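Let me begin by presenting the structure, written as structure tokens, before commenting on it.
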Amino acid sequence: MLFYSVFKRLIGKEIIVELKNDLALRGTLHSVDQYLNFKLVDVSVVDEERFPHMLSVKNCFIRGSVVRYVQLPEGELDPEVLQDSTRTEVAKEQAGSDLPCLRPGCAPEVAVQRCARTASGAREG
């Protein structure tokens, strides 16, 4: 869900989406869903000579599974915010599992307590 929230913040911004078939489309992000499918408006082809049949396309829906890269506008993504969001997401995932916390400063005895609970057969539901 991390990337979904990043792309939701980019709605209305111009992005370039490169597909696995080497087609690159520039357009304004209209919408994105949890499968990272994109809807672009005001679409233009980056390499018009190679893909002349795509010049008439003005709006498109791109299935997330065919996307190779997404180029974001410069300055739209703060790396520190992304890193903090990633750490938070990992912490949430680890809170629901029996894995020890790997964040700096976490007490190692927490991992031991989790292992003892798991060994006794008590599991969190």
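Where a Cα-Cα gap under 24 Å defines reach, which lysines qualify for LYS58, not counting those fewer than 8 residues away within the same chain?
LYS8, LYS13, LYS20, LYS39
Going by average Cβ neighbours within 10 Å, how do the peptides 78-89, 26-37, 51-62 rank, with the highest at the top?
So the peptides 78-89, 26-37, 51-62, ranked by packing, come out 26-37, 51-62, 78-89.
Could you calculate the FRET efficiency of ASN21 with VAL41 from 1/(1 + (r/R0)^6), where r is the beta carbon distance between them and R0 is 22 Å, rounded to 0.05?
Computed FRET efficiency for ASN21 and VAL41: 0.55.
Would you mind getting the accessible area per residue of the stretch 26-70, heavy atoms of the protein chains only, 1.4 Å probe, in Å²?
65
Taking R0 as 22 Å, what's the FRET efficiency between LEU55 and ILE11 from their Cβ-Cβ distance, rounded to 0.05?
About 0.30, to the nearest 0.05.
At a 1.4 Å probe radius, carbon and sulfur cover how many percent of the accessible area of the stretch 1-72?
Answer for the stretch 1-72: carbon and sulfur cover 52 percent of the accessible area.
The values are calculated or read from the model by the stated rules, or taken from the named source; none is laboratory data. Remember, predicted model here, so these are calculated numbers, not experimental data. Because the Cβ atoms are built from the backbone with ideal geometry, glycine has one as well, and the counts that use them run over all protein chains shown. Areas reflect the complete protein model, heavy atoms only, side chains present, ligands, DNA and RNA absent. Shrake-Rupley method; radii C 1.70, N 1.55, O 1.52, S 1.80 Å.
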